[in-house]
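This report refers to the structure that appears directly beneath it.
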Amino acid sequence: MSDRRLPSSPGFWRSPLRGPWFTSVLGLVLLAGITVLFVTGLVSYAAYNPGLTPVNDQTPGKGILGFYLFDWPTRPRWLYRLTQGVHVTLGITLIPVLLAKLWSVVPRLFALPPARSLTHALERISLLLLVGGGLFEFVTGVLNVQLDYVFPGSFYPLHFYGAWVFFAAFAVHVALKLPTALRHVRRARGADGEPTPKREEGDLVSPRPDPPSVSRRGALWLVGGGSLLLFATTAGRSFDGPLRQTALLAPHGGADPGTGPGGFQINKTAAYAGIDAAETSEEAWRLVVTGRTGTVRLGRADLLRLPLHSSALPIACVEGWSTSDQWWRGVRLSDLAALVGYGDADGVPDVLVESLQRHGAFRRAGLRANQVRDPLSLLALYVNGEDLTPDHGYPARVIVPAAPGVLNTKWVARLTFGAL
Ligand code: HEM
């Protein structure tokens, strides 16, 4: 008879809620949610066009894990706003489900002997990678969007490699457990929605449960309620106006970017980026454009004499927040490429964009030829009918459809076509 005072004894666990049905329902929700998280995460990495290495690639050592990469498209123009908004909002919304699932199987973590056979040992090791990898991904993700960069190293490789370890263990777990989970969930349920017979079998079911304070179904509603609350206090970060105020958990959610044409969300301010106003004045600032036929230096007045175009494009940050479409006006990147020898659209190359900013990631960033060629891709001089504000990148910033915010470089100093 095992000692009930020890967590290795089934008698130690007293909750009447645990059981294969409760665990399976949570597992099936995570199956869908984690798969979407993994795919949108991989897509987030692809959106950086890491092939433009080293400037855009924060995880250069990825090797075969980059097999799926492709040139990031420019349409639909809200693509990254959608994928990264889903990634971060779904990640946060799933936290109660993940924690409830871990709680529901915690007796198994202490079960003895640790391994009854080689396959059982392998399954337990995959469970450690699953639980460890899952917690690691959620914790690093939440810390990242809360701007608490307390990771042991760069977020990018940690979260990227962590994702592969986690998802590999997750795929093994699903392959092993999905048939059982479906069987448990499909089992006939009584009028109250509870599984019948009343007593479930299995090592998760307490042999001497406490009297129930809530039904299994009630407990699932509680978990669902927790997810709904997190969703309701996170999703607002993807919308402008009063909805953004509901994003109580988001570090940027409550910040008021002010009113007027520049009154939309900002990530890095000019002050944070170390922008010196003297450098951005009409007299001092010159955009240096280099390409096949040499270099031209253009002041703001010169740029204003070039054909100007407008684009309605959102800003979509890698942290998951985004704005609705803003009206940008400026010079097409393809027209600037034409100034230095790339007049024929097919011949337009990738471009290296360099900023005046002194602090923060992506002071230098690359754009692919398809992004340069897109008629909506601009070196913007105005937004919503007025000059860019300093925090939005005055005197000029890049704006490209469907690109992550970090690649829409602000306070642009230099464009070098064909440098990547
Ligand atoms: C609460 C949960 C999560 C949050 C808040 C979160 C947040 C984020 C953020 C902000 C990024 C973009 C970082 C950047 O480019 O600066 C990201 C990227 C990514 N996420 Fe998550 N994530 C979460 C969970 C997950 C999970 C569970 C997986 C895997 C199953 C995952 C896989 C990825 C991948 C592969 C990337 C691309 C990494 C890169 O660009 O190098 N994430 N995540």
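The values are calculated or read from the model by the stated rules, or taken from the named source; none is laboratory data. Source: prediction; values computed, not measured. Glycine gets a Cβ as well: all are built from the backbone with ideal geometry, and neighbour counts include every protein chain shown. Just the protein is used for accessible areas: all its heavy atoms, side chains included, with ligands, DNA and RNA removed. Shrake-Rupley method; radii C 1.70, N 1.55, O 1.52, S 1.80 Å.
Odds and ends about this structure:
- Filter pass, L98 being within 16 Å of the ligand (Cβ to nearest atom) and either of a type in the set (A, V, I, L, M) or surrounded by 17 or more Cβ atoms within 10 Å (Cβ to Cβ) (or both): yes
- Within region 44-59, the set of residues being open to solvent by 40 Å² or more (accessible area, probe 1.4 Å) and within 11 Å of the ligand (Cβ to nearest atom) comprises Q58 only.
- As a summary of the residue check, L112 satisfies the conditions (1) within 16 Å of the ligand (Cβ to nearest atom); (2) over 25 Å from G236 (Cα atoms) except for the one numbered (1).
- There is no residue in region 205-223 that is at pLDDT 75 or above and more than 27 Å from P20 (Cβ to Cβ).
- Of the set (1) away from the ligand (no atom under 14 Å from the Cβ); (2) part of a helix (DSSP H, G or I), all apply to R14 but (2).
- Residue tally, condition within 13 Å of the ligand (Cβ to nearest atom) and surrounded by 18 or more Cβ atoms within 10 Å (Cβ to Cβ), over region 67-83: 3
- Counted residues, region 269-294 - those being within 24 Å of S334 (Cα to Cα) and not polar (S, T, N, Q): 9
- The set of residues in region 354-363 being hydrophobic (A, V, I, L, M, F, W, C) and open to solvent by less than 40 Å² (accessible area, probe 1.4 Å) consists of L356, F362.
- Restricting region 283-304 to residues that are open to solvent by 60 Å² or more (accessible area, probe 1.4 Å) and hydroxyl-bearing (S, T, Y), the residue that is modelled with the highest pLDDT: T295
- Pairing each residue of region 310-325 that is assigned by TED's automatic domain parsing to the domain that holds N408 and more than 16 Å from the ligand (Cβ to nearest atom) with any residue that is of a type in the set (S, T, N, Q) and part of a strand (DSSP E or B), provided the two are 6+ apart or on different chains, yields C-beta distances under 6 Å for P314/S322.
- Subset of region 316-342 (residues that are open to solvent by 10 Å² or more (accessible area, probe 1.4 Å) and touching a strand residue (DSSP E or B) at 6+ places or on another chain (Cβ under 8 Å)): D325, Q326, W327, R329, R332, L339, G341, Y342
- When I34, I64 are checked against the criterion of being free of Cβ contacts under 8 Å to residues at least 12 places away in the same chain and aliphatic (A, V, I, L, M), I64 stands alone in meeting it.
- Residues that are touching a strand residue (DSSP E or B) at 6+ places or on another chain (Cβ under 7 Å), surrounded by 19 or more Cβ atoms within 10 Å (Cβ to Cβ) and either among the aliphatic types (A, V, I, L, M) or outside any strand (DSSP E or B) (or both) within region 364-381 comprise A365, L367, V372, L376, S377, L378, L379, A380, L381, listed in sequence order.
- G63, sole failed condition from (1) at pLDDT 95 or above; (2) within 19 Å of A168 (Cα to Cα); (3) more than 9 Å from the ligand (Cβ to nearest atom): (1)
- Of note, L37 satisfies the criterion of being buried (at least 17 other Cβ atoms within 10 Å of the Cβ), within 13 Å of the ligand (Cβ to nearest atom), within 14 Å of the chain's Cα centre (by Cα) and not in a loop (DSSP other than H, G, I, E, B).
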